[in-house]
Amino acid sequence: RSPVNSASASLSQSGKIAFAKNIGTASVSRNMASVSTDVDYDVVKVDLSDGRDYPIYIGDQFGDEEAGKILRSHITGNRALLVTNDRIAPWYLEKYEKMLKEGGDIQIDTLVLPDGEANKTLEVMQLVLDKCLELGLDRKVTLVALGGGVIGDMVGFASAIYQRGVNFIQVPTTVMAMVDSSVGGKTGVNHPLGKNMVGAFHQPECVFIDTNNLSTLPDRELNSGVAEVIKYGLIRDAPFFDWLEENMEKINARDPAALRYAIKTSCENKAEVVKADELEAGLRATLNLGHTFGHAIENGSGYGAWLHGEAVSIGTAMAATMSAKMGWIDEPLVKRIYEILIAANCPVELPVDSPMNREMFLKAMSVDKKVANGQLRLILLKGALGNCLFTGEFDNDAMVETIDEFVAECNGAQ
């Protein structure tokens with residue numbers, strides 16, 4: 001795939017996917033490196049220029065010794081700082097600290113940050129920089145992010161700016177982080193006026209995904225992450241969307257093979273897009289389907305009121321509704337989109353007690369990162385399933401109508 005003009009990016013999946021009856025034997029053939037190893041885990045390669053390629057390890061049967069060797073192989077210096085949050089720490093901090101230490105000569109220090117989207121701030125991120133300086137860590141240090149998207153984004157941003165850039169590793173523990181935020185090098189923190197408005201592109205040395213870490217993930221957070229999985233089927237991978245419709249019950253039930261396949265396929269899709277458009281000149285923006293509406297919901301409702309994937313799910317429903325209003329997709333596809341989101345236990349409407357109204361949406365969307373030269377650009381669906389458009393050329397009345405429909409019963413709009 002080649003990068004496309006930022007003003008208008010359309011994309012459909014060209015990879016051929018062969019689905020076996022047994023989910024465990026599903027195979028994928030794509031225009032990128034994705035291999036199964038002699039041991040039972042998969043490796044998806046994020047293929048970048050200038051020798052910055054890195055692997056995504058995905059498995060559910062990693063032994064501690066094996067996992068430790070994999071992680072240590074991506075630490076080039078003799079110091080590492082393992083950063084997590086106060087919710088993940090009781091479950092996994094000691095385990096990963098031990099993994100990183102055993103069999104090597106790397107000194108491992110740790111830091112535990114407060115959990116939650118409300119703590120994705122410059123002030124909390126600075127605690128990582130403070131710890132690095134207190135420990136006297138130099139440019140050879142590797143930061144290790146153990147947690148969900150908030151931890152990954154903050155640790156990645158800290159590694160991007162500490163001494164003008166040090167290495168870091170992503171060890172995601174949520175579906176959201178595994179299928180989206182840990183891959184591709186987007187790092188950052190929220191600002192009171194906008195989500196993820198302060199940050200940098202900074203690629204990790206590797207992403208290490210042990211799907212067993214999802215065993216401690218609450219159902220609500222698992223469902224939230226699946227909204228990002230569904231996104232890949234909508235924007236570029238129609239066969240994957242079909243598979244998700246058939247297997248959503250297995251995913252909700254945490255079937256190991258179903259989860260692993262969904263995560264692997266999502267990572268392959270993300271890696272292909274990042275390879276073609278690392279710095280989001282156009283094509284990569286399509287990964288933000290539903291995000292412009294969703295970020296407005298997160299910002300307007302107060303960070304932490306909604307999980308990111310929940311807001312994106314509502315935003316996806318809004319994008320589908322708006323696309324249909326313009327005649328870009330047909331009603332049967334809109335129905336399928338709503339049905340799969342509902343099957344994934346994701347919200348598709350705002351509650352009555354929501355503070356959102358038209359003005360709040362438009363104000364938040366006006367400072368979205370996809371605004372260019374003062375013009376709002378959206379990712380919308382157009383044509384058959386698996387196709388989308390990144391464009392500023394849309395019917396503004398259809399957008400306002402969509403917003404008005406979604407906030408009609410909200411307290412904030414009364």
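When Lys186 is tested against (1) in contact with a helix residue (DSSP H, G or I) (Cβ under 8 Å, 6 or more places away or on another chain); (2) over 30 Å from Arg164 (Cβ atoms); (3) open to solvent by 10 Å² or more (accessible area, probe 1.4 Å), only condition (2) is not met. Sub-7 Å Cβ pairs linking a first residue in segment 115-132 that is loosely packed, with under 15 Cβ neighbours inside 10 Å to a second residue that is not in a helix (DSSP H, G or I), at least 6 apart or interchain, are Ala118/Tyr303; Ala118/Gly304; Leu122/Val189; Leu122/Val198, ordered by first then second residue. All conditions in (1) open to solvent by 10 Å² or more (accessible area, probe 1.4 Å); (2) touching a Gly at 6+ places or on another chain (Cβ under 8 Å) hold for Leu244, with the sole exception of (1). Being touching a Phe, Trp or Tyr at 6+ places or on another chain (Cβ under 6 Å), within 19 Å of His308 (Cβ to Cβ), among the hydroxyl-bearing types (Ser, Thr, Tyr) and in a helix (DSSP H, G or I) is a description that does not apply to Ser224. Answer yes or no as to whether Gln13 is in a loop (DSSP other than H, G, I, E, B), in contact with an Asp or Glu (Cβ under 7 Å, 6 or more places away or on another chain), open to solvent by 20 Å² or more (accessible area, probe 1.4 Å) and at pLDDT below 90. Considered against the rule, which asks whether it is in a loop (DSSP other than H, G, I, E, B), in contact with an Asp or Glu (Cβ under 7 Å, 6 or more places away or on another chain), open to solvent by 20 Å² or more (accessible area, probe 1.4 Å) and at pLDDT below 90, Gln13 comes out as yes. Note on segment 193-222: residues that are farther than 25 Å from Arg164 by Cα and open to solvent by 20 Å² or more (accessible area, probe 1.4 Å) amount to 8. The set of residues in segment 287-310 being open to solvent by less than 30 Å² (accessible area, probe 1.4 Å) and either within 13 Å of the chain's Cα centre (by Cα) or aromatic (Phe, Trp, Tyr) (or both) consists of Leu287, Asn288, Leu289, Gly290, His291, Phe293, Gly309, Glu310. The residue that is nearest to Val46 (Cα to Cα), counting only those in segment 147-171 that are touching a residue at least 40 places away in the same chain (Cβ under 8 Å), under 17 Å from the mean Cα position of the chain (by Cα) and open to solvent by less than 10 Å² (accessible area, probe 1.4 Å), is Ile169.
Residue-by-condition table, conditions (1) of a type outside the set (Asp, Glu); (2) modelled with pLDDT under 95; (3) closer than 18 Å to Cys346 by Cβ; (4) not in a helix (DSSP H, G or I):
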| position | (1), (2), (3), (4) |
| --- | --- |
| Glu245 | no, no, yes, no |
| Lys250 | yes, no, yes, no |
| Arg254 | yes, no, yes, yes |
| Ala257 | yes, no, no, no |
| Arg260 | yes, no, no, no |
| Lys264 | yes, no, no, no |
| Lys270 | yes, no, no, no |
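None of Asn387, Asn396, Asn345 is within 24 Å of the chain's Cα centre (by Cα), modelled with pLDDT of 95 or more, open to solvent by 60 Å² or more (accessible area, probe 1.4 Å) and of a type outside the set (Val, Ile, Thr) except Asn345. The residues on offer are Val83, Val112, Val144, and the sole one that is open to solvent by 50 Å² or more (accessible area, probe 1.4 Å), part of a strand (DSSP E or B) and among the hydrophobic types (A, V, I, L, M, F, W, C) is Val112. Within segment 326-382, being outside any helix (DSSP H, G or I) and among the β-branched types (Val, Ile, Thr) holds for Ile329, Val348, Val352, Val367, Val371, Ile379. Cβ-Cβ distances below 9 Å connect the following pairs, each with a first residue in segment 48-61 that is of a type in the set (Gly, Ala, Ser), a second residue that is part of a loop (DSSP other than H, G, I, E, B), and a separation of six or more residues or different chains: Ser49/Glu278; Gly59/Thr37; Gly59/Val39; Gly59/Asp40. Between Met318, Met326, the distinction of being in contact with a Ser or Thr (Cβ under 6 Å, 6 or more places away or on another chain) and either open to solvent by 30 Å² or more (accessible area, probe 1.4 Å) or aliphatic (A, V, I, L, M) (or both) belongs to Met318 only.
The values are calculated or read from the model by the stated rules, or taken from the named source; none is laboratory data. As the structure is a computational prediction, the values presented were derived from the model and not from experiment. Please note: Cβ atoms are built from the backbone with ideal geometry, for glycine as well, and neighbour counts cover all protein chains shown. We work out accessible area using only protein heavy atoms, side chains counted, and drop any ligands, DNA or RNA first. Shrake-Rupley method; radii C 1.70, N 1.55, O 1.52, S 1.80 Å.
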